[in-house]
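Read through the structure below, which is laid out as structure tokens, and then see the notes.
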Amino acid sequence: MDPLIVDGVAITHPDREVFGEGGPTKGDVAAYYEAVASHMLPELHGRPLSVVRCPRGTTGACFFQKHHADALGKHVKAVKLKEKDGGTAEYLYVEDVEGVLELIQMNTLEFHPWGARVDDPDRPDRLIFDIDPAAGVEWKAVVACARAIRERLAASGLESFVRTSGGKGLHVVAPFDRGPSWEVLKSFCEGVARDMVDAAPTRYIAEASKAKREGLIFIDWLRNTRGATSVTGWSLRARAGAPVAMPVRWEEIARLKTGAAFDLSKALKRARSLTADPWDGIETLKQSLPSKR
Ligand code: ATP
Ligand code: MN
């Protein structure tokens, strides 16, 4: 089969089924990302990026890639960043839909940006709480958790936004003016998570321990560190059924039932029918992380 040309990028093997038999093909994935690029790029562009690549589809082995490689395509940019061990390495990022599609050609399915931009990787401008319910926790408890985080952030002067993870949970995200270090951000977020646990220890946990998590919601504040990522809005997940991490309006979460409520075809319909972006205003919002909570 001939390659499919999407926005000038050649997508080879467009008929390959990447989510298992009968599921969306590589060509469908390329067409999906082209269709949602205008919604997805504001959150993604200009940030160091990890991608999940699945050369044999989601039923084969997938891998997380954070470093740049020449073969990725000419719109996939490199930025040299300090590594934990003191050395430097080239990280990848994209600025445009061509960069996104070149990554699709390299069998990328998921996009995971940093909470900082390539021009100043040591000063974040986004925070995230990843809400991870243990098996069996009801959706309405997940919703209540997201709303409680929203209220605590609002009490600190921060408006926040919510998306489905495409898996079990929700992510609460807040933008803020660049300035504070990762250390300051991390301790702010730890404080919020610990206050949540103090107020409702029978519902929440702030430690990553899987053993202690049974029946609880893990409020993951540890994503707020240099080099950590979270999946971006509109990204597919490399999981059965082609779920999507979907930015939603706060009013929407109660009627969703699960963090995997949107899949590729629902997300495409949504992109076509949306009149306003669900995270409208996030790019222009001016707000600061409080120096004291
Ligand atoms: P779920 O609803 O299943 O929790 P999620 O995207 O929130 O979906 P998590 O396992 O909670 O998945 O991880 C949170 C974030 O941490 C991910 O979105 C991803 O960016 C990052 N992450 C997870 N696993 C890895 C990994 N192996 N390597 C690098 N980053 C990872
Ligand atoms: Mn999660």
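The values are calculated or read from the model by the stated rules, or taken from the named source; none is laboratory data. All values derive from a computational prediction rather than experimental measurement. Don't worry about glycine lacking a Cβ; one is built from the backbone with ideal geometry, like all the others, and counts go over all protein chains shown.
See the values below:
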read-out: Some residue of segment 11-23 being crowded, with 18+ Cβ neighbours inside 10 Å, free of Cβ contacts under 8 Å to residues at least 24 places away in the same chain, under 14 Å from ALA238 (Cα atoms) and not basic (Lys, Arg); value: no
read-out: Complete set of residues in segment 255-284 that are polar (S, T, N, Q) and either within 30 Å of LYS82 (Cα to Cα) or within 15 Å of ligand 2 (Cβ to nearest atom) (or both); value: THR258, THR284
read-out: Those residues of segment 139-161 which are within 15 Å of ligand 1 (Cβ to nearest atom) and farther than 26 Å from SER181 by Cβ, in sequence order; value: TRP139, ALA141, VAL142, VAL143, CYS145, ALA146
read-out: Looking only at segment 256-286, and only at residues there that are part of a loop (DSSP other than H, G, I, E, B) and of a type in the set (Lys, Arg), the one that is farthest from ALA146 (Cα to Cα); value: LYS286
read-out: Residues (under 14 Å from ALA193 (Cα atoms) and either of a type in the set (A, V, I, L, M) or without any contact (Cβ under 8 Å) to a residue 40 or more places away in the chain (or both)) located in segment 113-136; value: LEU127, ILE128, ILE131
read-out: Segment 54-111, subset charged (D, E, K, R) and in a loop (DSSP other than H, G, I, E, B), residue surrounded by the most Cβ atoms within 10 Å (Cβ to Cβ); value: LYS66
read-out: Which numbered condition ALA260 misses (of (1) within 16 Å of ligand 1 (Cβ to nearest atom); (2) surrounded by fewer than 15 Cβ atoms within 10 Å (Cβ to Cβ); (3) modelled with pLDDT of 95 or more); value: (2)
